[in-house]
Amino acid sequence: MAGAAVLVFASGCSGGEKGDGVTVGDTAEAGVPQVTVSPGNGEGKALPERGVQVNVAGGTLQQVTVTRKGKPVTGQLTADKTGWKSRTLLPGSQYDVSATATSPKGKTTTVTARFKTIKAANELRVLDVTPSANEKVGVGMPIQVTFNRAVADKKAVESALEVKSDKPATGAWYWVSDTQVVFRTENGKYWQPNQHVRLRANIGGVKTGKRTYGTADFTRTFRIGDEHIINANTKTHRLTVTRNGVKVKSWGISAGRGGRVVNGVDTYLTTSGVHLTMGKENPAIMTSEWMGVDPEDKKNGGYKEVIPFAVRISNSGEYIHSMAATVWAQGHQNVSHGCLNSPPSAAQWFYKFSYRGDPVVIKGTSRKLQWDNGWSFYQMSWSKWVKGSALDRTVTTG
């Protein structure tokens, strides 16, 4: 075995020599277990993605310890206890190995090895994760992982991503770009409320391109709060909020009035579909610049408004927000540029009540919400979402 040290020692002995497939102690006592460690002792350019492999002939492994700077490296023992393999290793690091094996007659071999892994020419790191650490979020909250560089081997990276929750859910990853991957649950089946969710990105040592390796693992834990579901209908001009299946508040709204068509899209219509709350602004500065109109150009619809208690639900400028000036229309007529105008007291209540990731289901307009408009990932069919996984698979998080 290239880069391996084959070591045979009597009880209580240890050692190893640099070399490819070197057998040490070939005159040792008969019947002593023979242990092979790969990479071999003294190896200076071990490949991180191969990890550490320990095998024994003529016995079973009793203990295997692999450490980096004194900290243990996890690994898996085979069912018959004749083999052990570590997880991937960090590039540019030194590792120490100690393994003990025992024969059926009780003879013991203890071996040690030390080696170094190659350095990474290019480093892959987790640059950002949403939601924030320990954040309490809504039941629709997606996990968005952004990397510092384009990921060439998406299968390798996705295989290293682990999502666990206190209460089981079925979800899947979807690569929205070469640098970002998003996890969400099945359509219509959100996270169960009041639990913890943990993401582990075990990318340290994962090879993602030519001499490109993950250089560190990443862990993020957050909380799912109560189930908040918001339903709004632009035809009945009504918005209703439920918490854990129980209606807690309802009020009249004024949605987008329509009438400004650009490239076949009426940009003044509220989008219909499953939105997610994305963040809060108090106040939000809303201007006509998003549609290419100078705020001072009143003849062409220019505007600039300072809006209190605004909760964003898309990237195309839609909010649930306070609007005292249109209270007369709320519950009766749609007069906004696309937002859900609400009474000041209701908007302030919702601002305090909502989490990021609360589903907001809007019906009643001909303008369909696009899946990539903000966090509107539930707008994509489940089968298509799963196809966006590099591994083309679903994930059970329980």
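The values are calculated or read from the model by the stated rules, or taken from the named source; none is laboratory data. The structure displayed is predicted, hence computed values, not measured ones. Ideal geometry is used to build each Cβ from the backbone, glycine not excepted, and the neighbour counts take in all protein chains shown. Surface accessibility is based on the protein's heavy atoms, side chains included, excluding ligands, DNA and RNA. Shrake-Rupley method; radii C 1.70, N 1.55, O 1.52, S 1.80 Å.
Observations, loosely collected:
- Residues (closer than 25 Å to Gly92 by Cβ and either without any contact (Cβ under 8 Å) to a residue 40 or more places away in the chain or not in a strand (DSSP E or B) (or both)) located in segment 197-229: Arg200, Asn202, Ile203, Gly205, Val206, Lys210, Arg211, Thr215, Ala216, Asp217, Thr219
- Inspection of segment 178-196 finds no residue satisfying the criterion of being part of a loop (DSSP other than H, G, I, E, B) and among the aliphatic types (A, V, I, L, M).
- Positions within segment 215-239 being closer than 17 Å to Gly273 by Cα and either aliphatic (A, V, I, L, M) or open to solvent by 40 Å² or more (accessible area, probe 1.4 Å) (or both), in sequence order: Ile229, Ile230, Asn231, Ala232, Asn233, Lys235, Thr236, Arg238, Leu239
- Scanning segment 351-389 for residues that are farther than 21 Å from Lys235 by Cα, open to solvent by less than 10 Å² (accessible area, probe 1.4 Å) and more than 19 Å from the chain's Cα centre (by Cα) yields a single hit, Ser354.
- Number of the exception - Gln76 against (1) loosely packed, with under 14 Cβ neighbours inside 10 Å; (2) outside any strand (DSSP E or B); (3) under 27 Å from the mean Cα position of the chain (by Cα): (2)
- In segment 275-302, the residues that are outside any loop (DSSP other than H, G, I, E, B) and either basic (Lys, Arg) or open to solvent by less than 30 Å² (accessible area, probe 1.4 Å) (or both): His275, Leu276, Gly279, Lys280, Ala284, Met286, Thr287, Ser288, Met291, Lys298, Lys299
- If the condition is being open to solvent by 30 Å² or more (accessible area, probe 1.4 Å), among the aliphatic types (A, V, I, L, M) and assigned to a loop (DSSP other than H, G, I, E, B), then segment 121-149 contributes Ala121, Ala133.
- When segment 175-212 is filtered for residues that are within 24 Å of Pro48 (Cα to Cα), open to solvent by 40 Å² or more (accessible area, probe 1.4 Å) and out of contact with any Lys or Arg (no Cβ under 9 Å at 6 or more places or on another chain), the ones remaining, listed by number, are Gln180, Lys207, Lys210.
- For Trp371: the one exception among (1) in contact with a helix residue (DSSP H, G or I) (Cβ under 9 Å, 6 or more places away or on another chain); (2) in contact (Cβ under 8 Å) with a residue 60 or more places away in the chain: (2)
- Checking the stated criteria, Asn341 turns out not to satisfy the condition of being modelled with pLDDT of 95 or more, assigned to a loop (DSSP other than H, G, I, E, B), more than 19 Å from the chain's Cα centre (by Cα) and surrounded by 23 or more Cβ atoms within 10 Å (Cβ to Cβ).
- Check on Gly138, in contact with a Leu (Cβ under 8 Å, 6 or more places away or on another chain) and within 30 Å of Phe353 (Cα to Cα): yes
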